[in-house]
Structures are given as structure tokens and as C-alpha cells.
Amino acid sequence: MTILAAIFILSGVFFMTVSCLGLIRLPDFYSRTHAVGKSETLGAILLLIGLALHNGFVLGSLKLLIILVFVAIANPTATHAICRAALRSGLQLWTRSKPGS
Amino acid sequence: MREERRTSEPQKASQRYGYRRLISVAFQFALLFGIWLIFSGRFGLKYLVMGLICVSLVTFLTNDLLYYRARPGGKAESGVLVEFMSWWRLLLYVPWLFLAIVKANLQVAYLVLHPRMPIDPVFLQFRTGLRKRLSQVTLANSITLTPGTVSVNLEEGRYTVHALVPRSGQDLVEGRMQNKVAEIFLDEQAEPPQVRFAHSLEELEP
Amino acid sequence: MTSLIFGIAIFVALLIIMSLYRMVAGPTLFDRLLGAGLVGTKGLILLILIGFIYERINMFIDLAITYALLNFVGAIVLGKYFERRREMPR
Amino acid sequence: MITRYESPIVEVVCRVIVPFVQVFALYVITHGHYGPGGGFQGGVILAASFLLLRLCLGGELAHQKLPPRLAIALGAFGVLLYGLTGLVPMMAGGQYLDYGHLPIPGVSGAELRYVGILIVEIGIAFGVLGIMVGIFDNLVERQS
């Protein structure tokens with residue numbers, strides 16, 4: 001059980017690191033939303049599952065699962081809200097290859 | 001009163017409405033009370049009575065938030081929780097979604113950790129065949145979480161989606177995820193959507 | 001296991017400092033908002049880890065839920081506010 | 001009047017989340033003396049749920065849930081509840097906020113103190129809720 005929890009926690013930390021590196025390395029705003037919307041959510045979910053396994057079968061683990069569901073619903077929505085605001089205020093996206101050139 | 005027993009068509013409709021509404025209220029009450037028990041963690045009589053009062057108050061205040069028009073212009077009302085009563089189909093959807101999330105994240109990790117970052121961002125636009133608002137929203141959040149794409153905008157069934165590499169929109173082009181969501185909420189199965197690719201804001205439809 | 005959690009807490013704190021870079025240097029305002037959201041989620045995880053370290057999980061989980069909630073409300077508010085501006089805010 | 005959020009994603013997610021947020025807020029208010037929280041924090045979370053409603057559903061629907069005048073009245077009622085709960089023990093021969101002297105028949109000692117603290121917490125929560133929502137409504141009216 002402990003080993004399983006450690007595996008979940010470490011993979012969660014790996015995805016959080018990926019999201020952080022993506023936020024710094026990726027070239028424009030819309031690409032960075034991928035780092036926040038996906039990797040961060042999965043990292044948080046895996047970490048919370050691992051911590052719930054480590055905690056054992058008590059009420060605190062159920063609370064951790066409630067946080068998990070909340071994060072899984074709220075994080076994409078918040079990303080969408082910021083992204084939509086950027087689109088409507090006319091932020092241009094970065095492209096590697098312009099069509100026609 | 002013998003006449004009253006013969007109910008006319010609108011009365012029947014309103015009775016059915018009342019039945020569904022009652023299910024919605026009961027389901028919400030049970031769910032909120034379960035949440036209260038998990039939070040509270042104390043099972044003395046005092047706390048149970050307090051929980052009953054608080055949960056009844058919240059259910060009374062917010063039930064009509066969860067019970068609303070299913071389609072933007074339509075008349076049929078439906079509840080969020082009534083839609084989720086089909087939880088066994090949801091149970092099949094969630095593991096599939098989780099696997100898709102993990103795959104998408106491995107792809108993003110590959111793109112981010114690659115030294116040259118082989119990305120080619122593009123906007124995708126398509127019109128969905130889904131009619132219910134709840135299924136549209138579920139599809140949008142699933143898009144954000146899964147295949148290398150983030151849903152940027154949703155207006156009247158038309159999605160604007162940002163993808164890191166064009167081929168990661170493959171699931172959307174084939175309409176696979178859309179049909180999965182339609183299965184859960186008993187929505188209309190539709191043809192695979194027409195997808196437009198746009199490389200700048202000017203190419204987007206207004 | 002406890003030492004593992006302790007090390008991970010320190011690592012997550014380092015990640016928070018790294019994502020503060022995007023909040024300071026982000027070219028547009030929306031990059032800063034994105035960085036703020038990232039700091040929020042990592043702060044939530046850090047709060048729960050601190051709860052495990054001090055072995056007062058129930059208390060810190062309540063704090064974490066409140067933090068996540070206010071983070072979400074803040075993102076919605078800022079998104080709605082900056083949507084109105086047509087010009088590109090710097 | 002504040003407008004609604006035009007994105008259906010945010011709207012539906014807010015509809016789903018708000019009842020759970022309110023249950024959590026009531027939990028924080030009523031379990032104030034066992035953990036972190038209490039009246040002030042719970043009131044702020046409750047106010048946040050109503051502000052979320054106002055932001056996502058717009059003025060028409062959200063003002064049915066909690067009209068601006070009712071919010072101010074609730075704030076005043078909360079402060080009144082707090083003050084009176086403090087004053088009643090003084091009439092019964094104790095000091096201000098001395099819950100042990102509350103004249104409630106049948107309960108005594110620790111139980112009485114518990115009831116007193118609970119009433120005071122609820123008063124504080126109402127006060128904070130009313131003032132937060134009132135400030136928000138006032139700002140929005142000024143702006144438009």
C-alpha cells in the first residue's frame with residue numbers, strides 16, 4: 001500500500017513539474033494554458049489519490065476525494081474563463097508555419 | 001369528484017414535471033447530507049439535527065439552480081442531478097476519460113521536455129450535434145482535459161479549440177468523444193463534425 | 001514515508017517559486033493570471049502536505065478547500081472583468 | 001444591473017458548485033470551535049457563493065435569491081443578534097457575553113455555553129454575509 005501511494009505521489013509531482021516547466025518554456029499564452037489546464041489537473045489528482053491511499057480508510061480520505069472532484073471540475077473551468085477573456089480581447093496566437101508562405 | 005380523476009394532457013405533463021422535480025429534490029438532499037456527514041465527522045444527535053436543518057435550508061434555497069431549461073431556447077426543464085441518475089454509464093465514461101487524460105499528459109510532457117519543442121499551434125472550430133447544455137459543458141471540460149486541446153470558446157454549440165499539434169484533434173475530427181458524451185446523457189448521436197483549421201484570429205468565424 | 005512527504009513539500013515550494021517567474025515576467029496580463037492560477041493549485045497541495053507533516057489533516061483539509069474555492073472565484077471574477085476590455089491590456 | 005456570464009460552461013459549473021459551497025460554509029459556521037473557522041470565515045464563504053451566483057447568472061436570477069435590501073437587513077439582523085446575545089446574560093446577572101448565565105431552562109453549564117457560542121457565531125456570519133454582498137452590490141451599481 002505504501003509503495004502504491006509513493007508511486008502515485010511521485011508521478012503526480014512529475015506532472016506538476018512538467019506543468020511548471022511548460023509554463024516557463026512554451027512560447028505564447030494559448031500554449032501555456034495547456035500546461036495549466038491539463039498537467040496541473042492530472043498532477044493534483046494523482047497527488048491527492050496518493051495521499052488518500054497513504055491516509056488509509058478514514059473520513060479524511062473522503063474529504064481528500066471531495067477536493068479531488070472539485071479540482072477536476074474547477075480547474076478546466078477557470079482555465080477556460082481566462083482563455084476566453086484573452087480571445088475576446090484579441091490576443092494573437094503564436095504559429096510556427098504561416099499558411100501560404 | 002369523479003371529473004377530476006380524468007386528467008387532461010397538460011395536467012399529466014405537470015404531474016410528470018412534479019415527479020421529476022421531487023426526484024431532483026430528494027437526490028440533492030441525500031447528496032448534500034452525505035457531504036455534510038463527511039465534513040462533520042461527528043454523529044451525535046445534536047450534530048445530526050443541525051445537519052438536517054442546514055441541508056434542508058440549502059436544498060430549499062438552491063433547488064431551482066439545479067433544475068432548469070436543458071436547451072438554451074427550449075421549454076423542457078430538467079435537472080442536473082436527474083441527468084446524472086444514469087450513473088452506471090458515467091462509471092464507464094470516467095475510466096475512459098482518465099486514460100485519455102493520462103495519454104494526453106504524456107504527449108504534453110513529451111512536447112514540453114523535448115529540447116526543440118516540436119509544436120505547431122492551431123485553432124480548430126466546429127459545430128457540435130449535442131443539444132443539451134449539460135452535455136455540451138461536459139464535452140467542453142473533457143476537451144480541455146484530454147487530447148492536446150483546450151476549449152477556448154463555446155457559443156450556441158460552436159466550439160473554438162486551441163491545439164498544440166494539429167493531429168491531436170483527431171479524436172474531435174472523428175467525433176468519438178462527442179458520441180461518448182451523447183451516450184451518457186441520452187443526447188442525439190450526430191455525424192462527425194466539420195472542423196475548420198485557423199492559424200490566426202482573422203481566420204476565425206466571428 | 002514522512003521524510004518523502006517532507007521532501008515533496010519542499011520541492012512543491014520550489015515549483016511555486018518557479019511559477020512566480022511567469023507572474024513577474026509574463027508579457028501579457030493573461031500570462032500573469034495563468035501563473036496565479038498555477039500558484040493557487042500548488043498552494044492547495046502544499047497546504048495538504050503541511051497538514052500531513054504536522055499530523056493535523058482534518059484542520060488543514062478545511063483550509064485547503066477554502067483556498068481552492070476562493071482561487072476559483074478569483075479566476076472567474078478576473079476573467080469576467082478583463083473580457084470587457086477590447087484593447088489589449090499590458 | 002450586473003450582466004450574466006455569457007459562457008455556458010461557467011454558468012452550468014457555477015449552478016452545480018454553489019449548493020456544495022453553501023453546505024461547506026454552514027459546516028464551517030457550526031463547527032467553529034472544533035477547528036479553523038467560525039462565524040467570520042463561514043460568512044465570507046457564504047458571501048462568496050452568493051457573489052458567484054451574481055457573477056454567473058446575472059442580476060435578474062441572483063437578486064431573487066438574495067435581494068440587495070435583504071442583504072443589508074440580514075447584516076443588521078446579525079449585528080443585532082450578536083449584541084442581544086451579549087446583553088441577555090447581563091440582565092440575568094452575569095457579564096457581557098457570559099454565556100453561562102443565559103436564561104434558557106433545562107440546559108446548564110457547558111451545554112449552555114455551546115448554545116451561546118453557536119448563536120453568536122450565526123450572528124457574526126449574518127453580519128459578514130450582509131456587509132460583503134452589500135459592498136459588492138454598491139460597487140456594481142456605481143460602475144454601470
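As an exercise, use a Förster radius of 35 Å and the Cβ-Cβ distance of C:LEU20 and D:THR3 to find the FRET efficiency, rounded to the nearest 0.05.
Efficiency, rounded to the nearest 0.05: 0.55.
Taking chain D as the reference, fit the longest principal axis to its C-alpha atoms, fit the long axis of helix D:8-30 to the helix C-alpha atoms, and give the angle between the two in degrees, 0 to 90, nearest 10.
10
Can you work out the FRET efficiency for the pair A:ILE3 and B:LEU92, with r the C-beta to C-beta distance and R0 = 35 Å, to the nearest 0.05?
0.75
Roughly how tilted is helix A:41-55, in degrees to the nearest 10 and between 0 and 90, from the longest Cα axis of chain A?
10
Once you average over the residues of B:94-103, how many Cβ atoms of partner chains fall within 10 Å of each Cβ?
Mean number of neighbouring Cβ atoms from other chains: 2.
Protein chains only, probe 1.4 Å: how do B:GLU156, D:GLU141 rank by accessible area, largest first? Write out the running numbers ahead of the final one.
Working: B:GLU156 170, D:GLU141 120 Å².
The ranking, largest first, comes out as B:GLU156, D:GLU141.
Can you give me the % of accessible surface on the range D:68-144 that is carbon or sulfur? Probe 1.4 Å, all protein chains present, nothing else counted.
69
Taking H placed 1.01 Å from N in the peptide plane, check which residues at least 5 places from A:THR95 or on another chain put their amide H under 5 Å from its amide H.
Under 5 Å from the amide H of A:THR95 lies no amide H from a residue far enough along the sequence or on another chain.
Which cross-chain or sequence-distant (5 or more) residues have an amide H under 5 Å from the amide H of B:VAL122, H modelled 1.01 Å from N in plane?
Close amide H contacts, sequence-distant or interchain: B:ALA163.
What value does the range D:12-75 have for Rg/Rh, both radii from Cα atoms and Rh as Kirkwood defines it?
1.02
For A:ILE3, C:ILE45, D:ILE135, what's the largest-to-smallest order of accessible area, 1.4 Å probe?
Ranking A:ILE3, C:ILE45, D:ILE135 by accessible area, largest first, yields A:ILE3, D:ILE135, C:ILE45.
Name the long-range amide H neighbours of B:ASN153: under 5 Å, sequence gap of 5 or more, or other chain; modelled H, no Pro or chain starts.
Close amide H contacts, sequence-distant or interchain: B:THR160.
Tell me, how many Å apart are the Cα centres for the range A:25-94 and for the range C:1-37?
Result: 14 Å between the Cα centres.
Stokes-Einstein diffusion coefficient for the range D:29-144 at 25 °C in a medium of 0.890 mPa s, Rh from the Kirkwood formula over Cα pairs: what value in µm²/s?
Translational D for this selection: 160 µm²/s.
Nearest 100 Å² is fine: how much accessible area is buried between C and D, summed over both sides, with a 1.4 Å probe?
1500
Work out the length of the dipole vector of the range C:2-83 about its Cα centre, built from +1 on the beta-carbon of each Lys and Arg and -1 on the beta-carbon of each Asp and Glu, and round it to the nearest 20 debye.
Details: 5 positive and 4 negative charges, 23 e Å.
It comes to approximately 120 debye.
What does the accessible area of C:SER19 come to, in Å² to the nearest 10, when a probe of 1.4 Å is used?
We get 0 Å² for C:SER19.
For the range C:2-83, what is the Kirkwood hydrodynamic radius in Å, using each pair of distinct C-alpha atoms?
Evaluated on the range C:2-83, it is 13.6 Å.
How well do other chains shield peptide A:40-47, expressed as the mean number of their Cβ atoms within 10 Å of each residue Cβ? Intermediate values should be presented prior to the final figure.
Working: counts 8, 5, 9, 6, 6, 4, 2, 6.
The per-residue average across the peptide is 6.
Roughly what % of Cα-Cα distances in chain A sit above 15 Å, to the whole percent?
Numbers: 3430 of 5050 pairs.
Pairs farther apart than 15 Å: 68 percent.
In Å², nearest 100, what accessible area do chains A and C bury in total when the solvent probe is 1.4 Å? If you can, show how the numbers build up before the last one.
Working: alone 7290 and 6880 Å², together 10300 Å².
Chains A and C together bury roughly 3900 Å² of accessible area.
Can you tell which of D:VAL28, D:VAL16, D:VAL88 shows the greatest fluctuation in a Gaussian network model of chain D with Cα springs below 10 Å?
Per the Cα network of chain D with a 10 Å cutoff, D:VAL16 tops the list.
Any idea which of D:GLY39, D:VAL12, D:LEU87 is furthest toward the positive side of the dipole for the range D:2-144, if Lys and Arg beta-carbons carry +1 and Asp and Glu beta-carbons -1?
Of the listed residues, the answer is D:VAL12.
Give the interface area between chains B and A as buried accessible surface, both sides summed, probe 1.4 Å, in Å² to the nearest 100. Before the final figure, lay out each step's value.
Numbers: alone 13970 and 7290 Å², together 17610 Å².
The buried area between B and A, both sides summed, comes to about 3700 Å².
The values are calculated or read from the model by the stated rules, or taken from the named source; none is laboratory data. Keep in mind the model is a prediction, meaning the values are calculated, not measured. Ideal geometry is used to build each Cβ from the backbone, glycine not excepted, and the neighbour counts take in all protein chains shown. Surface accessibility is based on the protein's heavy atoms, side chains included, excluding ligands, DNA and RNA. Shrake-Rupley method; radii C 1.70, N 1.55, O 1.52, S 1.80 Å.
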